Amino acid sequence: TQLLEQSPQFLSIQEGENLTVYCNSSSVFSSLQWYRQEPGEGPVLLVTVVTGGEVKKLKRLTFQFGDARKDSSLHITAAQPGDTGLYLCAGASGETSGSRLTFGEGTQLTVNP
Amino acid sequence: EPEVTQTPSHQVTQMGQEVILRCVPISNHLYFYWYRQILGQKVEFLVSFYNNEISEKSEIFDDQFSVERPDGSNFTLKIRSTKLEDSAMYFCASSDAPEVGYGYTFGSGTRLTVV
């Protein structure tokens with residue numbers, strides 16, 4: 001059974017601070033996806049990283065896939081209250097997009113004004 | 001932007017009853033999925049569907065569950081005899097071509113409550 005451990009589980013910071021969320025596993029994933037989920041809604045895809053060592057930027061969000069494709073991180077620069085939400089990492093186990101996603105527990109981020 | 005549509009948004013059913021959860025995936029997507037999320041727990045994979053057949057299923061997806069694509073647009077999840085522990089948010093998702101790197105589009109979910 002593949003597991004993804006996310007840390008921290010909860011994070012409360014002030015507007016303007018930087019933060020990093022980590023996603024770790026002992027398993028290798030073919031790709032790693034990051035989602036954001038609002039209460040009562042489905043996860044919304046932020047980014048997919050595929051290649052070991054890959055770095056992707058989405059405005060103030062920087063995503064990194066570990067060289068061994070077992071871990072990933074999400075770094076937010078100058079956090080804003082609008083960044084508040086549940087951030088999920090999910091690993092794809094197969095070589096096609098038809099494979100299952102294994103989700104982490106999520107990181108609940110609160111950015112205080 | 002294309003969406004995955006799920007109906008109903010909420011369903012309350014009595015234990016032992018059959019329920020059908022409905023989904024309309026994005027029209028040009030080829031892979032379809034059901035996931036569930038029990039309150040306070042992580043999102044769990046149930047089943048994936050491609051080319052009119054199940055491509056992978058989890059240990060959760062036992063004989064009480066079935067999926068169907070009855071026409072060119074709908075994708076359904078049936079739970080034959082619901083149990084209290086089936087209460088959860090059920091998410092349908094779809095994805096594009098088989099190359100690695102395509103993310104999934106999730107619907108807003110159906111909240112199933114078994115009483």
Legend entry - Count of residues meeting criterion [more than 10 Å from every other protein chain (Cβ to nearest Cβ) and in contact with a Lys or Arg (Cβ under 8 Å, 6 or more places away or on another chain)] in the stretch A:36-55: 1
Inset, instruction - Those residues that are touching a residue at least 12 places away in the same chain (Cβ under 8 Å), surrounded by fewer than 13 Cβ atoms within 10 Å (Cβ to Cβ) and small (G, A, S), I need them from the stretch A:13-54; list them, please. - result: A:G16, A:S26, A:G52, A:G53
Inset, instruction - Restrict the check to the stretch A:82-92 and report whether at least one residue is over 22 Å from B:L46 (Cα atoms) and either part of a loop (DSSP other than H, G, I, E, B) or of a type in the set (A, V, I, L, M, F, W, C) (or both). - result: yes
Inset, instruction - Look at A:S31 and say whether it is of a type in the set (G, A, S), more than 21 Å from B:E3 (Cα to Cα) and within 13 Å of another protein chain (Cβ to nearest Cβ). - result: yes
Inset, instruction - Mind listing just one residue for me: the one in the stretch A:103-113 that is within 12 Å of the chain's Cα centre (by Cα) and assigned to a strand (DSSP E or B) and, of those, farthest from the other protein chains (Cβ to nearest Cβ)? - result: A:L109
Inset, instruction - Can you confirm whether the stretch A:56-76 contains a residue that is within 14 Å of another protein chain (Cβ to nearest Cβ), assigned to a loop (DSSP other than H, G, I, E, B) and either modelled with pLDDT of 95 or more or open to solvent by 10 Å² or more (accessible area, probe 1.4 Å) (or both)? - result: yes
Legend entry - Checking B:D71 against (1) over 18 Å from A:Q33 (Cβ atoms); (2) touching a residue at least 24 places away in the same chain (Cβ under 8 Å); (3) not hydrophobic (A, V, I, L, M, F, W, C), the condition it does not meet: (2)
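The values are calculated or read from the model by the stated rules, or taken from the named source; none is laboratory data. Not measured: the values here are computed from a predicted model. Note that each Cβ is placed from the backbone with ideal geometry, even for glycine, and that neighbours are counted across all protein chains shown. SASA here: full protein model, heavy atoms, side chains in, ligands and nucleic acids out. Shrake-Rupley method; radii C 1.70, N 1.55, O 1.52, S 1.80 Å.
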